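See below for the structure under consideration.
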Amino acid sequence: QDPAITPLQRVALAEAVFEEQTGFRTRSGQRLMTLGMMNRNAVILATGQGKSFAFLTEFMVQRMQRGRDLRAVLILESEDAVRKYVAGTAEDARGRASHAQFMAAFGMRLVNGDALANDAKEAAAQGISHPYQQLIDDINDPNAVVVFSQTARGHLSNVVADIAAAELLDALRAVNVVRIDEIHKFALSRDSYIVGRGEKFVEQTQLDHMRK
């Protein structure tokens, strides 16, 4: 964490890691996406334009900027999307590094938050003490990006109502960088934890209108 290094210099360093690990230069759209997210803007990038690596590049920049205060979460569409995003240590058919390899080159790692949440739920049902400790530790690790599906993260909001999960609530509240992929799909979701208590579900006519 060096205040003498400008945000653009941090982006340039992250891009250098990207090029070294993937063999590709950062596209202008990826650079604009990184800078846009750093300024807390919603960003639209066409399919196939490298959105996944742009997300990771920005997490690297946030790590440089925030130092050990970083608490990062990435939310994806589904549990399967989380598994595919986090898993994999080998290069793909085109010789590009996996997400995990890319982050490891910068001393960071991706964590499957869905898997940890599921394990913790089973441990809690068995009466094991501090079932959420591993998830808490990973959320509090400045070198980790915890990846959740929208469903798993949504249900954690219900879990923290349990007094036994008070430390988990503290960890979730300390998260200071949250990035959401495919956010439009969440906005159209009918899941009750998004709608909230005492509220009516979105009507089909409203959904149709929002999709136009």
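For this structure, a couple of remarks:
- Top-ranked residue of region 139-159 - restricted to ones that are aliphatic (A, V, I, L, M) and in a helix (DSSP H, G or I), ranked as modelled with the lowest pLDDT: Val159
- Listed conditions (1) open to solvent by less than 60 Å² (accessible area, probe 1.4 Å); (2) at pLDDT below 85 are all met by Ile136, apart from (2).
- No other residue among Asp114, Asp170, Asp162 is modelled with pLDDT of 85 or more, among the acidic types (Asp, Glu) and over 25 Å from Lys51 (Cβ atoms) apart from Asp170.
- Selection status of Gln62, loosely packed, with under 13 Cβ neighbours inside 10 Å, of a type in the set (S, T, N, Q) and modelled with pLDDT of 85 or more: no
- Qualifying residue in region 39-48 (condition: outside any loop (DSSP other than H, G, I, E, B), aliphatic (A, V, I, L, M) and either in contact with a Pro (Cβ under 9 Å, 6 or more places away or on another chain) or modelled with pLDDT under 85 (or both)): no
- Within region 71-91, residues that are modelled with pLDDT under 90 and assigned to a loop (DSSP other than H, G, I, E, B) have Cβ atoms under 8 Å from residues that are among the basic types (Lys, Arg) and open to solvent by 50 Å² or more (accessible area, probe 1.4 Å) in these pairs: Glu77/Lys185, counting only partners at least 6 apart in sequence or on another chain.
The values are calculated or read from the model by the stated rules, or taken from the named source; none is laboratory data. Worth saying up front: this structure is predicted, and the values here are computed from it rather than measured. No Cβ is skipped: glycine too gets one built from the backbone with ideal geometry, and neighbour counts run over all protein chains shown. What goes into the accessible areas is simple: the full protein's heavy atoms, side chains included, and nothing from ligands, DNA or RNA. Shrake-Rupley method; radii C 1.70, N 1.55, O 1.52, S 1.80 Å.
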